[in-house]
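**Student:** Here's a structure for you.
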Amino acid sequence: MSVGHYENFPVASLLVPARYRSAVVAIYRFARAADDIADEGNAPPDERLAGLAGFERGLDAIERGETPSEPPFDALAPVVRTHGLPIQLFRDLLSAFAQDVRVGRYRTYDDVLDYCRRSANPVGRLLLALYRVDDDEALAQSDRICTALQLANFWQDVAVDLRKDRVYLPLEDLEREGVTLAQIAQGRCDERWRRLMAFETARTRALFEAGRPLCRRLPFRLGLELRAVVAGGMRVLERIDAVGGDVFTRRPVLGRRDWALLAVRMLVPVPAHFP
């Protein structure tokens, strides 16, 4: 499976123990279906927001102990009850998807991080809740990995997002490097753009590194799954750097050679310390 912003990363692989697999799929199907309401097709904003409001009502029903008959709630409801998953994390996702309908520019990096806090981090926290991992350090490390995944996708999809009138690059970063929105629209990859993208990939790589120790704290198979996810995100950053940030004409997509490399990397022990 794949979902929305995470198309380059494994979602429910054979590494996940069978007892968790259907729950993982139910979580991601909810996220994917809600994300599609905000992103896919040609529906006007009001219609998209109405669709997301319908998802809110589905969560309300689950919170009341009901099991809605329509997907994705029919599969999600028993998963929430069985594993005690926090409903608020699903609401956070809906909040971010609604923001995608309303907001197309972000002034500061903190503004982007706030979006990631709701668009990406809830997925990691839901999976940790599924695995009964809830200490503050693990949650913080999960947040860093999930935010880094979201940012890596933003940087590879600058041109794709602009066609939806969205720019996730912080405007303060564009201004500092002398890059304009008109330049992005033109797909002009000059020295200023390359410097900007190198800065963003380096900052995102640091988030991956800060979250990576979580791989050692999970059960072996789940830790391998997370290593694969982190390796996939890091590989996207490598591919962006390799083309000098030219995501306009050479958008990085992971192919067979990349996945073979990731298979090797995920088996390499994680160092005990990161700078």
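The values are calculated or read from the model by the stated rules, or taken from the named source; none is laboratory data. The structure presented is a predicted model; accordingly, all values stated were derived computationally and were not measured. Here the Cβ is made from the backbone with ideal geometry for all residues, glycine too, and neighbour counts use every protein chain on show.
**Student:** Among the candidates Ala185, Ala260, Ala272, Ala210, single out the residue that is at pLDDT 95 or above and surrounded by fewer than 16 Cβ atoms within 10 Å (Cβ to Cβ).
**Tutor:** From the options Ala185, Ala260, Ala272, Ala210, the qualifying one is Ala185.
**Student:** Tell me, which residue of region 132-145 that is of a type outside the set (D, E, K, R) and at pLDDT 95 or above is farthest from Tyr115 (Cα to Cα)? Spell out the reasoning first.
**Tutor:** Of all residues in region 132-145, those of a type outside the set (D, E, K, R) come to 133, 138-142, 145.
Subsequent filtering for residues that are at pLDDT 95 or above retains 138-142, 145.
Working: Ala138: 20, Leu139: 17, Ala140: 16, Gln141: 17, Ser142: 16, Ile145: 14 Å.
Among residues in region 132-145 that are of a type outside the set (D, E, K, R) and at pLDDT 95 or above, the one farthest from Tyr115 (Cα to Cα) is Ala138.
**Student:** Anything in region 170-191 that is out of contact with any strand residue (DSSP E or B) (no Cβ under 8 Å at 6 or more places or on another chain), closer than 21 Å to Tyr109 by Cβ and touching a residue at least 40 places away in the same chain (Cβ under 8 Å)? List them, or say none.
**Tutor:** Residues satisfying the conditions are Pro170, Glu172, Asp173.
**Student:** Where in region 147-204 are the helices (runs of 4 or more DSSP H), entirely inside, with at least 2 residues that are among the β-branched types (Val, Ile, Thr) and under 26 Å from Ala231 (Cα atoms)?
**Tutor:** Result: 158-162.
**Student:** Hey, can you tell me all the residues within region 1-23 that are of a type in the set (A, V, I, L, M, F, W, C), at pLDDT below 90 and touching a Leu at 6+ places or on another chain (Cβ under 9 Å)?
**Tutor:** Phe9, Leu15, Val16
**Student:** So, one more: Go through (1) surrounded by 13 or more Cβ atoms within 10 Å (Cβ to Cβ); (2) in contact with a Pro (Cβ under 6 Å, 6 or more places away or on another chain) one by one and return the number of the condition Thr108 breaks.
**Tutor:** Looking at each condition in turn, Thr108 falls short on (1).
**Student:** Now for a different question. In region 36-79, which residues are more than 26 Å from Arg102 (Cβ to Cβ), β-branched (Val, Ile, Thr) and either modelled with pLDDT under 95 or part of a helix (DSSP H, G or I) (or both)?
**Tutor:** Across region 36-79, the qualifying residue is only Val79.
**Student:** Give Glu225, Glu200 a once-over and let me know the one that is touching a residue at least 60 places away in the same chain (Cβ under 8 Å), among the charged types (D, E, K, R) and buried (at least 21 other Cβ atoms within 10 Å of the Cβ). I'd like the intermediate steps shown before the answer.
**Tutor:** Details: Glu200 fails: touching a residue at least 60 places away in the same chain (Cβ under 8 Å).
After ruling out the rest, the residue left standing is Glu225.
**Student:** May I ask you to list the residues in region 104-133 that are without any contact (Cβ under 8 Å) to a residue 24 or more places away in the chain and not acidic (Asp, Glu)?
**Tutor:** Result: Gly124, Leu128, Arg132.
**Student:** Those residues that are modelled with pLDDT under 90 and either part of a helix (DSSP H, G or I) or surrounded by fewer than 17 Cβ atoms within 10 Å (Cβ to Cβ) (or both), I need them from region 236-253; list them, please.
**Tutor:** Arg250, Arg251, Val253
**Student:** Among the residues of region 126-143, is any exposed (fewer than 14 other Cβ atoms within 10 Å of the Cβ), in a helix (DSSP H, G or I), of a type in the set (A, V, I, L, M, F, W, C) and touching a helix residue (DSSP H, G or I) at 6+ places or on another chain (Cβ under 7 Å)?
**Tutor:** Looking through region 126-143, none of the residues is exposed (fewer than 14 other Cβ atoms within 10 Å of the Cβ), in a helix (DSSP H, G or I), of a type in the set (A, V, I, L, M, F, W, C) and touching a helix residue (DSSP H, G or I) at 6+ places or on another chain (Cβ under 7 Å).
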